[in-house]
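Take a look at the structure set out below.
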Amino acid sequence: MSAKKKRKWITSAVSLLIGAACALVLGAVFYGAMAYQLAGGETAAQATEESGERLMLGGAQFISEQTALERHGGQDCTVLTRRYQLEDGTQAEAITAQPAAYIERLSEEKWTPQLMTGFALAGLDAVYAVRGEDVMLCAREGDTVYALMTQADEQTLYALGAAAELE
């Protein structure tokens, strides 16, 4: 093997290793962001279960509501999905899920959390994540996960998160 080919092979191998390391770091950041920003205590979980609060999107036209039982993180999760149409015709989903094992779904669906803070969803601190053209705000209170998913820019998503309410 010539020196030139050997150098090219070594460069390719190093690039591959760096890519794999980056993927591992992004996965760790995702779980860290969810654990840190979405952590909730027992008191909050009890209050959420008693009140049965659900995420709704103010200022948008309600389209439909669906409840499903899904299995994530080894647990059965009750998932309430409300669909809305925004003023520009874009659709958005407001999701309320229990228990918090639902967060595993977000990892399975390849959502990538962004290292941006200051986002809120219905008054709760939220994680901002992207997947292709889709964006999401995700918050947790106790054992309940709230998520808002749509196709929008950061400013629009920020405004939608601020307009969202728990009922």
Selection count, the stretch 88-99, where residues are touching a Lys or Arg at 6+ places or on another chain (Cβ under 6 Å) and closer than 18 Å to Asp76 by Cβ: 1
The lone exception for Gln114 - which of (1) open to solvent by less than 80 Å² (accessible area, probe 1.4 Å); (2) touching a helix residue (DSSP H, G or I) at 6+ places or on another chain (Cβ under 8 Å) it fails: (2)
Qualifying residues in the stretch 119-135 (those that are part of a loop (DSSP other than H, G, I, E, B) and within 21 Å of Gln151 (Cβ to Cβ)) - the one most open to solvent (accessible area, probe 1.4 Å): Glu133
Answer residue from the stretch 113-150, given it is polar (S, T, N, Q) and modelled with pLDDT under 95 and is farthest from the chain's Cα centre (by Cα) among those: Thr117
Unmet requirement for Arg82, which otherwise passes all of (1) basic (Lys, Arg); (2) modelled with pLDDT of 95 or more; (3) within 16 Å of the chain's Cα centre (by Cα); (4) open to solvent by 20 Å² or more (accessible area, probe 1.4 Å): (4)
Matching residues, the stretch 150-167, being in a strand (DSSP E or B) and either crowded, with 23+ Cβ neighbours inside 10 Å or in contact with a His (Cβ under 6 Å, 6 or more places away or on another chain) (or both): Ala164
Total residues in the stretch 101-118, condition out of contact with any Asp or Glu (no Cβ under 9 Å at 6 or more places or on another chain), assigned to a helix (DSSP H, G or I) and not aliphatic (A, V, I, L, M): 3
Index of the failed condition, Glu141 passing every other in (1) in contact (Cβ under 8 Å) with a residue 24 or more places away in the chain; (2) farther than 22 Å from Gly52 by Cβ; (3) open to solvent by 30 Å² or more (accessible area, probe 1.4 Å): (2)
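The values are calculated or read from the model by the stated rules, or taken from the named source; none is laboratory data. Please read these numbers as outputs of a predicted model, since none were measured by experiment. Quick reminder, even Gly has a Cβ in these numbers, built from the backbone with ideal geometry, and neighbours come from all protein chains shown. Just so you know, the surface numbers come from the protein's heavy atoms only, side chains and all, with ligands and any DNA or RNA stripped out. Shrake-Rupley method; radii C 1.70, N 1.55, O 1.52, S 1.80 Å.
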